[in-house]
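Only the coordinates and a few stated rules stand behind these numbers; no lab work does. The structure presented is a predicted model; accordingly, all values stated were derived computationally and were not measured. Cβ: placed from backbone, ideal geometry, glycine included. Neighbour counts: every protein chain shown.
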Amino acid sequence: MLVSKAYKLRIYPNSKQRKLIAKTIGCSRFVFNHFLNAWNSEYRQTGKGLTYNSCSAQICQV
């Protein structure tokens, strides 16, 4: 019999950690929106979207 467990926890970051978390989320949002826009543009032009591999290859170039 498979038993699943879940843990609920809460973190209390200090102000320095809150800034770092906000920066990380902001960078992730920027990258996501950049590639979402690129995917939509490619789809409008060709009818096919971008692949994961083509996007991940561009991350180091952005």
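Annotation for the chain: chymotrypsin sites (Phe, Trp or Tyr not before Pro) lying in DSSP loop with at most 12 further Cβ atoms inside 10 Å of their Cβ are Tyr7. Relative to the dominant Cα principal axis of the chain, helix 15-46 is inclined by about 30°. For the chain, the set of trypsin sites (Lys or Arg not before Pro) satisfying both a DSSP loop assignment and a count of at most 16 other C-beta atoms within 10 Å is given as Lys5, Lys8, Arg10, Lys48.
Using Cα Rg over 2.2 N^0.38 Å as the read-out, say which of [x] 1.74; [y] 1.04; [z] 1.79 was calculated from these coordinates. Comparing each candidate, only [x] matches the computed number. Computed over the chain with a Gaussian network model linking Cα atoms closer than 10 Å, the most mobile of Ser28, Ser41, Ser15 is Ser15.
Dividing the summed helix terms, -39500 (n - 2.57) for each DSSP H run of n ≥ 4, by the number of residues in the chain produces a 222 nm estimate of -22000 deg cm²/dmol to the nearest 500.
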